[in-house]
Amino acid sequence: MPAVASAGTPELRTALRAIKRAGRGPQVAAFFDYDGTVIGGYSASAFYEHRIRHREIGPIELARTLLARRRGIHSSEEFGSFLELSLAAWDGREEQELEELGEALFKHAIASRLHLEVWRLVQEHKAMGHTLVLASSATRFQVEPMARELGADVVLCTPLEVVDGLVTGRVGGEPLWGEAKARAVRALASERKLDLQAAFAYSNGSEDIEFLAAVGRPTAVQPDDGLRAEARRRGWPVLECASRGGRPGLRDLARTGAFYGAFAGAALTGAGAGLLNRSRSTMVEITGGVGADVGLSLAGVRVEVVRGGENLWARRPCVFVFNHQSKLDPIVLMKLLRGGFTGVAKAEAKNVPGFGQLFQLAGVAFVERGDSGQARRALEPAVAKLRDEGISLVIAPEGTRSATPRLGHFKKGPFHIAMQARVPMVPIVLRNVGEVMWRGAQVLSPGTVEVAVLPAVDTRRWSAETIDDHVAEVRQMFLDTLSAWPGEDGDARGRQPSRRRAAAGRKPVSAAAAARPRAKSKQSSARAGAARSAPGKGRGRESVRRRDPGS
């Protein structure tokens, strides 16, 4: 796998500058194709793999599917035939069941294929207040989970027929392939008064040439041969994306082995020194400091503090909070903090090979999620260490790793601890850790992890009545830092993230517009062409959501 370069390629930097030059406001739209563009490969493959694992696909259907894929799809008629074959498997399935399946497959199989270069483009469009549209020939069960992660305003996708809450296995309107997708874009632009000449569109396939040509600022993303040739002929920019997923190479396996070996050696040395000195802190400092330094170096992973390194030491003891994306996060924090801290982790972390044993030796407090009484009891020693021994606490307020780089919601636990111990809270903002070792991955890729350490937040005036405000304040500090990363484009220190207002005509299109509400009759798209839905889970009503800038 190629090394992760946080600054991006020249082509990505050019694309980001073009977004900034387009100006602010919802009249500028950004249309993103999904399969092959936002993600590598096809989301449908995750559904097929699920069916194969659960023996839900017969040999005849499998053979027809493989034959259709081998021949390729070159027209809307061929796509319609392939779609008919695929959707037949959903005949009689409950709509809610397929929604839940789509969510599970997104979390465990699809999210890891996200093109991080496209994620950067999305964040820049959101920061500029542009209207974000995900346009795909796939179904909403495939597209909507990613749409929520991206913070899309509108989803355009192929509509399905639903009767009495059951999917019939047939489309509910025109499939959004080829020219149909371009028509859906023009219809949406007319409805919302979007300026198509100022709009952006991104796609990877030659079937989307008309889709790209519908806007004034098209970009071919990881294009197939046909689109690459057309982009060259028309002078469209091309953005290449680093490969994600797939089988790791021998170099990655060797680097990962060296990382674990170095860490195991440091852990044994640290444990021996700790036993001799009867000091757990000695074990942690040797294992965490030396092990992290040597292990990350052998793995080709650099850790660069881009701002606020002095804040790692200035206000100890304190509660360090960080954004959680990877199993590698604790190792990065060990390298940064060196010693004088303990941590809190979910109970399942005990079972993570290597890391779990290290966490237990380091005196980490393991908490059962959902058991608030046990959680409070487990945290009592950590609060005592803060108050009585001057030992800092490290905790991820999100509680679990994110499926994408999007910042999750913060839990209140760390904030209550800081308030009760009357110690400051220091936010540590991590970037690119998930790119080096993605959620669920066992193998590391070389790259640079960037860190911004924000000034300590005084908690002495906090109270239980105001705790929600403080949670929101600290989370916004993370969002602001991620959306205006230190050192990029002149540092952008004074830049304020865009606040998306829920004004008239700016509401996300509701799921009701996509063949709802539920009635005891056949339901299809409210308009000819695309199914229209909001990324949120709300059903049968319009919803207004505040968009997190940079999340």
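No lab work stands behind these numbers, since they all come straight from the coordinates. These numbers were taken from a predicted model, which means no experiment stands behind them. Every residue, glycine as well, gets a Cβ built from its backbone with ideal geometry; the counts of neighbours run over all protein chains shown.
Subtracting the Cα-Cα distance of E94 and E348 from their residue separation scaled by 0.36 nm leaves 88.2 nm. Sorting W177, W313 by the number of Cβ atoms found within 10 Å of their own Cβ, with the fewest placed first, yields W313, W177. As a proxy for reagent exposure, F82, F106 were ordered by neighbouring Cβ count within 10 angstrom, fewest first; the result is F82, F106.
Spin-label model, S190 to R24: label points 7 Å out along the Cα-to-beta-carbon direction sit 3.2 nm apart. Using the Karplus relation 6.51 cos²θ - 1.76 cosθ + 1.60 with θ = phi - 60°, the per-residue 3J(HN,Hα) values for segment 80-92 come to x, 5, 5, 5, 4, 4, 5, 6, 4, 5, 9, 4, x Hz, with x marking Gly and Pro. Per-residue Cβ neighbour counts within 10 Å put R439, R51 in the sequence R51, R439, beginning with the fewest.
Among the listed pairs K107/K350; K126/K193; K327/K412; K20/K412; K107/K385; K107/K412, those with a Cα-Cα distance over 26 Å are K20/K412; K107/K385. The H on the amide N of R302, modeled in the peptide plane, is under 5 Å from the matching H of G447, T448, V449, each at least 5 residues off or on a different chain. The packing ranking of peptides 124-133, 461-470, highest mean first, is 124-133, 461-470, where packing means the average number of other beta carbon atoms within 10 angstrom of each residue.
Amide H contacts of L160 (H built 1.01 Å from N, in plane; Pro and chain starts excluded): G172 sit under 5 Å, all sequence-distant by 5 or more or on other chains.
Beyond 24 Å, how much of the Cα-Cα pair distribution for segment 73-211 remains, as a whole percent? Looking at segment 73-211, the distances longer than 24 Å represent 35 percent of pairs.
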